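Beneath this line is the structure, given in structure tokens, with notes to follow.
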Amino acid sequence: MVAACETKNDAVVGICELDGRPRSLSQLKNNSPRPYIYNLAVDEKYRQQGIGKAFVRYCENVARDEWMESYLYLKVRVGNEIAMNMYRKLGYSVMEDNKEESSLSWKQSLEQLKGIDAEEQTIVLLRKMLKEP
């Protein structure tokens with residue numbers, strides 16, 4: 001997990017998690033390819049200041065330089081154009097063949113974690129090549 005803090009009062013202004021565990025070690029039945037970024041969020045007061053981009057770049061550096069990975073993945077909700085635009089500018093592209101699988105796993109995860117009937121949302125899987133495989 002990665003978090004950014006304000007220096008004056010230590011308020012958390014954003015969070016981002018990077019999962020590089022092998023699929024067999026995943027606690028939930030999460031079939032996402034690894035490594036992948038998840039739970040990236042920036043407090044509304046601090047958006048449009050490069051914090052989200054800094055999180056992504058940090059995760060890319062860890063995946064490429066420390067874990068020696070060639071690709072990095074993430075999921076984003078269709079309709080979240082601000083996030084999609086940021087990811088596209090950073091070089092991520094949609095993996096169309098995973099659209100239905102991602103949508104279903106998101107709904108199932110919400111139902112399992114929160115015990116609610118989650119409204120189905122379309123989630124797409126994005127990928128970026130970090131280095132030649």
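The values are calculated or read from the model by the stated rules, or taken from the named source; none is laboratory data. The structure presented is a predicted model; accordingly, all values stated were derived computationally and were not measured. Every residue, glycine as well, gets a Cβ built from its backbone with ideal geometry; the counts of neighbours run over all protein chains shown. All accessible areas refer to the heavy atoms of the entire protein, side chains included, with ligands and DNA or RNA removed. Shrake-Rupley method; radii C 1.70, N 1.55, O 1.52, S 1.80 Å.
Observations on the model:
- Exceeding the 30 Å Cα-Cα cut-off - candidates Lys53/Lys131; Lys45/Lys131; Lys45/Lys89; Lys75/Lys131: Lys45/Lys131
- Two-site FRET efficiency, Asn61 against Cys5, from Cβ-Cβ distance with R₀ of 22 Å, rounded to 0.05: 0.70
- Probe 1.4 Å, all protein chains present, accessible-area order of Ile15, Ile51, Ile82, Ile123, largest first: Ile82, Ile15, Ile51, Ile123
- With both labels modelled 7 Å from their Cα along Cα-to-Cβ, the Gln48 to Ile82 distance reads 0.9 nm.
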